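**Student:** I'd like to ask you about the structure that follows.
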Ligand SMILES: O=C(O)CCC(=O)C(=O)O
Ligand SMILES: [Fe+2]
């Protein structure tokens, strides 16, 4: 656990060097996976190949014969039928987190034209597409391949055009790509209306007033994410989209007739079969959070395929993502017997976190965050403070991962893997493989920190030693040894001096 900025620099320096170069070269073509396919390659580049252990597990996995429910929402105006629909929605959203809707009011021609518009966009000349290629999430429209390309272990066989339809609360079609502007505008209006209906049905399914979720602004922040999955020469080695759950409130997904989408149901991958005219609806993590687990946000993925292109449009209802609005379990859904399982989150911070972690790689980080919380409790108690003291000082925040790769060295006695230093953050949780090398300076001697299977190394960082000494730890006989530091300045100083300059903590002494 360490502080942002600092460790990020280290990540870039040391994470599997060749892979980073390959990823950069691929990204710089701005041609995406479609560009690779146009070059008629027969083997997929290594950056797309899933790790052997993941592929081996896949063999044990059989798609099941069940299907998420298909719900006909045509009759919602009729009182009795509406009750039935609300009931079906409740069951599907609680059990599967996924369902398909038919008779939703969006004409088939609009669905077909939307798919065609996305195909035209991705299949136009590279030069025309390049102007949209960007990883800048503040842009209304951006094309890229794998939004998490530089954070994921394996790249996905997919390019994506992302359009923030109403991020600022208003539709601004002038910025949409001309080649699909009209159809995106028309489709987005239909999806917004359907979203309003779905959030009404979901509110009723939860026993709330029909406009409850809308009044919480869940119907806001519509983003159309237009995926293009080209045919893949080695589909069994990669994925179209890595296993994930959608982070925000609700997703309305349009897919063409090429299958690939799967949802994880009772530990089996189940195909969500393309059904002409149907739209797939799935619950996102935040809707699970505010409903205190009554509705489920389920994991899903997309397989790569020898046939293609598969085209899909995922419309995300993200809420007011740029605002600091706070979301927690809805009061009406909480009771003594059903206490809140989640704490409140601030939407802008939550969304930024997802954008920077990507679809995978959250599993280890989540465990480390939990372990960190425990360690800071133990450390607080060890200092004779209340168990949440260090957490309340925000020491548990700003988790960053630095993934080092130390190649074998022909002349190791002439160099070092990492120069002598202390860590600048609060606490570091270190995972190492079985190759030794880490040493700690103890009583003026270098002591090996031997790799121990299953163990993690924990070390105290400079900030925990200094950070504006805690008043409870100061007394007349033990006056403050350090002056207070301002966190951002402190970090900047470390980043600009690097490991070599042995600043130590002396410069922070009074
Ligand atoms: O392409 C699909 O069918 C699903 C895409 C997806 O899961 C997503 O964009 O979150
Ligand atoms: Fe998804």
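**Student:** Mind checking which residues of region 243-287 are more than 13 Å from ligand 1 (Cβ to nearest atom), out of contact with any strand residue (DSSP E or B) (no Cβ under 7 Å at 6 or more places or on another chain) and in contact (Cβ under 8 Å) with a residue 60 or more places away in the chain?
**Tutor:** 265, 266, 268, 276, listed by residue number.
**Student:** Test residue 240 against the criterion of being on the phi > 0 side of the Ramachandran plot, under 23 Å from the mean Cα position of the chain (by Cα) and surrounded by 17 or more Cβ atoms within 10 Å (Cβ to Cβ), and give yes or no.
**Tutor:** no
**Student:** Shifting gears a bit: Can you pull out the residues in region 322-351 that are surrounded by 14 or more Cβ atoms within 10 Å (Cβ to Cβ) and not in a loop (DSSP other than H, G, I, E, B)?
**Tutor:** If the condition is that a residue be surrounded by 14 or more Cβ atoms within 10 Å (Cβ to Cβ) and not in a loop (DSSP other than H, G, I, E, B), then 327, 333, 345, 347, 348, 350, 351 are the ones that fit.
**Student:** Now a separate question. Within region 90-106, count every residue that is within 24 Å of residue 225 (Cα to Cα) and touching a residue at least 60 places away in the same chain (Cβ under 8 Å).
**Tutor:** 11
**Student:** Can you tell me which residue is nearest to ligand 2 (Cβ to nearest atom) among those in region 221-259 that are part of a strand (DSSP E or B), farther than 19 Å from residue 283 by Cβ and in contact with a helix residue (DSSP H, G or I) (Cβ under 6 Å, 6 or more places away or on another chain)?
**Tutor:** Once the filter is applied, the top-ranked residue is 226.
**Student:** Can you tell me which residue among 318, 324, 312 is touching a helix residue (DSSP H, G or I) at 6+ places or on another chain (Cβ under 6 Å) and either at pLDDT 90 or above or within 16 Å of ligand 2 (Cβ to nearest atom) (or both)?
**Tutor:** Exactly one of 318, 324, 312 is touching a helix residue (DSSP H, G or I) at 6+ places or on another chain (Cβ under 6 Å) and either at pLDDT 90 or above or within 16 Å of ligand 2 (Cβ to nearest atom) (or both), namely 324.
**Student:** Now, a different point. Filter region 297-309 down to the residues that are modelled with pLDDT of 95 or more and more than 14 Å from ligand 2 (Cβ to nearest atom) and list them by number.
**Tutor:** Of everything in region 297-309, those that are modelled with pLDDT of 95 or more and more than 14 Å from ligand 2 (Cβ to nearest atom) turn out to be 304, 305, 306, 307, 309.
**Student:** Right, something else. For residues in region 305-315 being within 10 Å of ligand 1 (Cβ to nearest atom) and surrounded by fewer than 24 Cβ atoms within 10 Å (Cβ to Cβ), which is nearest to the chain's Cα centre (by Cα)?
**Tutor:** Applying the filter and picking the extreme gives 314.
Yes/no per residue for (1) under 26 Å from residue 490 (Cβ atoms); (2) touching a residue at least 24 places away in the same chain (Cβ under 8 Å); (3) part of a loop (DSSP other than H, G, I, E, B); (4) touching a strand residue (DSSP E or B) at 6+ places or on another chain (Cβ under 8 Å):
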residue: 399; (1), (2), (3), (4): yes, yes, yes, no
residue: 402; (1), (2), (3), (4): yes, yes, yes, no
residue: 409; (1), (2), (3), (4): no, no, yes, no
residue: 417; (1), (2), (3), (4): yes, no, yes, no
residue: 423; (1), (2), (3), (4): yes, yes, yes, yes
residue: 429; (1), (2), (3), (4): yes, yes, no, yes
residue: 432; (1), (2), (3), (4): no, yes, yes, yes
residue: 435; (1), (2), (3), (4): no, yes, yes, no
residue: 459; (1), (2), (3), (4): yes, yes, no, yes
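**Student:** May I ask you to list the residues in region 211-220 that are in a helix (DSSP H, G or I) and either buried (at least 23 other Cβ atoms within 10 Å of the Cβ) or in contact with a helix residue (DSSP H, G or I) (Cβ under 7 Å, 6 or more places away or on another chain) (or both)?
**Tutor:** 212, 213, 214
**Student:** While we're looking at this one, here's another question. Please work out which one of (1) within 15 Å of ligand 2 (Cβ to nearest atom); (2) in contact with a strand residue (DSSP E or B) (Cβ under 7 Å, 6 or more places away or on another chain); (3) modelled with pLDDT under 95; (4) under 30 Å from residue 428 (Cα atoms) is the condition residue 371 fails and give its number.
**Tutor:** (1)
**Student:** Determine whether region 290-304 contains at least one residue that is closer than 23 Å to residue 189 by Cα, buried (at least 17 other Cβ atoms within 10 Å of the Cβ) and within 11 Å of ligand 1 (Cβ to nearest atom).
**Tutor:** No: zero hits.
**Student:** Over 23 Å from residue 348 (Cα atoms) and touching a strand residue (DSSP E or B) at 6+ places or on another chain (Cβ under 9 Å), is that true of residue 174?
**Tutor:** Criteria not met by residue 174.
**Student:** Follow-up. Considering only region 173-210, state which residues are in a loop (DSSP other than H, G, I, E, B) and more than 22 Å from residue 113 (Cβ to Cβ).
**Tutor:** 206, 207, 208, 209, 210
**Student:** Which of (1) surrounded by fewer than 14 Cβ atoms within 10 Å (Cβ to Cβ); (2) part of a helix (DSSP H, G or I); (3) in contact (Cβ under 8 Å) with a residue 24 or more places away in the chain is the odd one out, the single condition residue 390 does not satisfy?
**Tutor:** In the conditions (1) surrounded by fewer than 14 Cβ atoms within 10 Å (Cβ to Cβ); (2) part of a helix (DSSP H, G or I); (3) in contact (Cβ under 8 Å) with a residue 24 or more places away in the chain, residue 390 misses (1) alone.
**Student:** Within region 103-112, how many residues are within 30 Å of residue 35 (Cα to Cα) and within 30 Å of the chain's Cα centre (by Cα)?
**Tutor:** Of the residues in region 103-112, 2 are within 30 Å of residue 35 (Cα to Cα) and within 30 Å of the chain's Cα centre (by Cα).
The values are calculated or read from the model by the stated rules, or taken from the named source; none is laboratory data. Note that this is a predicted model, so its numbers are computed, not measured. A quick note on method: Cβ atoms are made from the backbone with ideal geometry, for glycine too, and the neighbour counts reach across all protein chains shown.
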